[in-house]
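Trainee: Quick one: this structure, given as structure tokens, is what I'll be asking you about.
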Amino acid sequence: MEHYLPDYVKIVLLFYLGGENMKRMSFEPPTDHYDEQIEAIDEQICNLIKQWKDLSNNNPGFPTKQLITNWAKEYNFYEDFLNSVFADFLNEEIYRPIVEPKGFLKNIPLLKSFEKDNKFYSVTFVRQFENASVVHLNIDRISSDEMFEWHQREHTYFELSIVGEGTHYDCRNEGGGGSRGHESFTFIVSPSLPDDISKYKLVFKEYKVPFQKPTGYEFVI
């Protein structure tokens with residue numbers, strides 16, 4: 001039986017699992033005109049989205065299937081269109097401006113690891129640039145699963161946060177990939193991390209794709 005994935009799910013999967021070479025394309029307006037009669041309505045839409053974020057503390061969840069069905073009938077929309085709209089609201093972070101590392105300085109050995117349930121997590125070095133740092137998380141596992149079973153299993157990804165001394169760090173998951181025995185994820189951290197590795201900790205939290213559902217699993221190295 002063939003499984004159908006809506007386009008909005010495919011986009012998010014590509015972002016999180018597409019690897020570090022996947023770069024965002026510049027946006028081009030899909031039309032050459034704009035009906036200025038609806039400018040006030042469009043501004044109201046922006047205002048309502050802002051209220052929606054504030055009221056829910058930017059954690060709104062997702063409308064139930066019945067609500068989507070009701071609204072589609074009431075306002076004459078396709079259900080998948082509404083699913084796509086509300087799904088996009090949950091993925092604002094993927095549109096955050098990208099910091100491209102520039103001005104390579106050096107590699108700093110880190111050699112830190114964590115092991116649990118036959119999985120070995122490691123970060124061997126931090127790549128330092130003038131405006132950012134690049135962190136590679138490696139995951140190695142002992143697995144006897146058949147390749148088909150590996151592809152069928154539920155996929156997850158990791159997000160990185162930095163615990164340091166007063167500085168706020170923006171951490172972007174640039175994607176990842178691998179095989180049944182090895183995976184890796186690349187993160188861009190800005191501003192650059194201190195050269196002294198004792199001044200910060202790397203906190204990795206696991207999420208399910210495509211809608212950033214935390215699994216509750218995290219570790220610090």
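The numbers here are math on the coordinates, done by the rules we state, and not lab data. Everything numeric here is computed off the predicted structure, so don't read it as measured data. Heads up, the Cβs are rebuilt from the backbone with ideal geometry, glycines too, and the neighbour counts pull from every protein chain shown.
Trainee: Suppose the chain between residue 119 and residue 26 were pulled fully straight at 0.36 nm per residue; how much longer would it get relative to their current alpha carbon spacing?
Mentor: Once the chain is fully extended between residue 119 and residue 26, it gains 29.7 nm.
Trainee: Estimate the FRET efficiency between residue 108 and residue 58 by the formula 1/(1 + (r/R0)^6), using the beta-carbon distance for r and 35 Å for R0, to the nearest 0.05.
Mentor: The pair residue 108/residue 58 has a calculated efficiency of 0.55.
Trainee: Net charge near residue 89: determine it from the other residues with C-beta under 12 Å of the C-beta of residue 89, scoring Lys and Arg +1 and Asp and Glu -1.
Mentor: Charge balance in the 12 Å sphere: -1.
Trainee: Using a 7 Å offset from the Cα along the Cα-to-Cβ direction at both residue 75 and residue 34, what is the distance between the two label points in nm, to one decimal?
Mentor: 2.1
Trainee: What does the C-alpha gyration tensor say about the overall shape of region 104-220? Classify as rounded when a/c is under 1.5, otherwise prolate if a/b is larger than b/c, or oblate.
Mentor: Prolate, because a/c is 1.5 or more and a/b exceeds b/c.
Trainee: What is the sum of charges, Lys and Arg at +1 and Asp and Glu at -1, for the other residues whose Cβ falls under 13 Å from the Cβ of residue 124?
Mentor: In short, +1.
Trainee: Quick one: putting +1 on the C-beta of Lys and Arg, -1 on the C-beta of Asp and Glu, what dipole do you get for region 104-220 around its Cα centre, in Debye to the nearest 20?
Mentor: 100
Trainee: Determine, for each peptide in 46-58, 122-134, 196-208, the mean count of other beta carbons within 10 angstrom over its residues, then list the peptides with the highest first.
Mentor: Descending packing order for the listed peptides: 122-134, 196-208, 46-58.
Trainee: Local charge sum around residue 165 (other residues, Cβ-Cβ under 15 Å, Lys/Arg +1, Asp/Glu -1)?
Mentor: Charge balance near residue 165 sits at 0.
Trainee: Something else about it: Taking 18 Å as the cut-off for C-alpha to C-alpha distance, list the pairs among 112/205; 119/205; 112/201; 112/199; 112/208 that go past it.
Mentor: Checking Cα-Cα distances, 112/208 exceed 18 Å.
Trainee: If I model a spin label at residue 88 and residue 45 as a point 7 Å from the Cα along the Cα→Cβ vector, what separation in nanometres do I get?
Mentor: 0.8
Trainee: Let me ask something else. Over region 104-220, what is the relative contact order in whole percent, taking alpha-carbon pairs under 8 Å and six or more residues apart?
Mentor: 24
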